[in-house]
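The values are calculated or read from the model by the stated rules, or taken from the named source; none is laboratory data. This one's a predicted model, so the numbers in the text were calculated from it and none came from an experiment. Cβ placement follows ideal geometry from the backbone for every residue including glycine, while neighbour counts extend to all protein chains displayed. Heads up: the accessible areas ignore ligands, DNA and RNA and are worked out on the full protein's heavy atoms, side chains in. Shrake-Rupley method; radii C 1.70, N 1.55, O 1.52, S 1.80 Å.
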Amino acid sequence: MVEQFLDRMMKLGGGMLMTGFFATNFIFVVDGGERALKMDAMRGLQTEVYGEGMHFRIPVLQKINKFEIRARPTLVPSSTGTKDLQTVDIALRILFRPKEEKLAEIFNNTGADYDKRILPSISNEVLKSVVAQYNAEQLISMREKVSKEIRENLGRRALEFNIILDDVSITDLQFSPDFAASIEAKQVA
């Protein structure tokens, strides 16, 4: 009687062990707001994008790369010059996400850290080209127009890299200390 009980417990334990091994090695889970790509050792990067849920994989041959597809913020500081040769420090807050259907292309061309590689460089490029068209006074008085122009140009540039920008806004606009002092003296007078 005790022998039968222990025999059944051993079989049940072995079955649970095999199930656990299978579940942890042959199945991967993609959480909400994420997508995944498979990197196959034989065939390379697979183009199929895996959505939320449980999916099958071969443990040693396939590696899973997960991507966040929800909009995420990043802050990009930049120092640039105006039309009247004033130095201005600008900080942009960018809300971005990758194009889901182009994840394989993004991963293949720039890697999983695409946002850290692409967004700072194209942001600086666009900021320098847009801010150079305005003088310091115009940057302050026409801030909304400048912000809109930056948003449009940066959005077009980011689409070339399969990144969608949901929002771009200027969060900080600081001029050199000498220029700020001269503006303050002008206002006092």
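Give me the residue from the range 32-68 that is among the β-branched types (Val, Ile, Thr) and in contact with a helix residue (DSSP H, G or I) (Cβ under 8 Å, 6 or more places away or on another chain) and, out of that set, farthest from Leu103 (Cα to Cα). Per the stated criteria, the residue is Ile58. When residues in the range 50-62 are screened for being surrounded by 14 or more Cβ atoms within 10 Å (Cβ to Cβ) and in a strand (DSSP E or B), 3 of them pass. For Gly44, the conditions (1) on the phi > 0 side of the Ramachandran plot; (2) open to solvent by 70 Å² or more (accessible area, probe 1.4 Å) all hold with the exception of (2). Arg97 satisfies every condition listed in (1) under 20 Å from Asn124 (Cβ atoms); (2) open to solvent by 70 Å² or more (accessible area, probe 1.4 Å) except (1). Is it the case, given these coordinates, that Ala112 is closer than 24 Å to Glu52 by Cα and either touching a residue at least 60 places away in the same chain (Cβ under 8 Å) or not in a helix (DSSP H, G or I) (or both)? Yes; evaluated as a whole, the condition is true for this residue. Taken over the range 126-148, the residue count meeting the criterion of being open to solvent by 40 Å² or more (accessible area, probe 1.4 Å) and either touching a helix residue (DSSP H, G or I) at 6+ places or on another chain (Cβ under 8 Å) or not hydroxyl-bearing (Ser, Thr, Tyr) (or both) is 13. Taken as a whole, the structure leaves Arg35 outside the set of residues that are assigned to a loop (DSSP other than H, G, I, E, B), among the basic types (Lys, Arg) and under 17 Å from Ile163 (Cβ atoms).
Name the residues in the range 70-85 that are of a type in the set (S, T, N, Q) and either open to solvent by 50 Å² or more (accessible area, probe 1.4 Å) or assigned to a helix (DSSP H, G or I) (or both), would you? Please lay out each step first, then the result.
Step one: filter the range 70-85 for residues of a type in the set (S, T, N, Q), giving 74, 78-80, 82.
Once the filter is applied, which keeps residues that are of a type in the set (S, T, N, Q) and either open to solvent by 50 Å² or more (accessible area, probe 1.4 Å) or assigned to a helix (DSSP H, G or I) (or both), the range 70-85 yields only Ser79.
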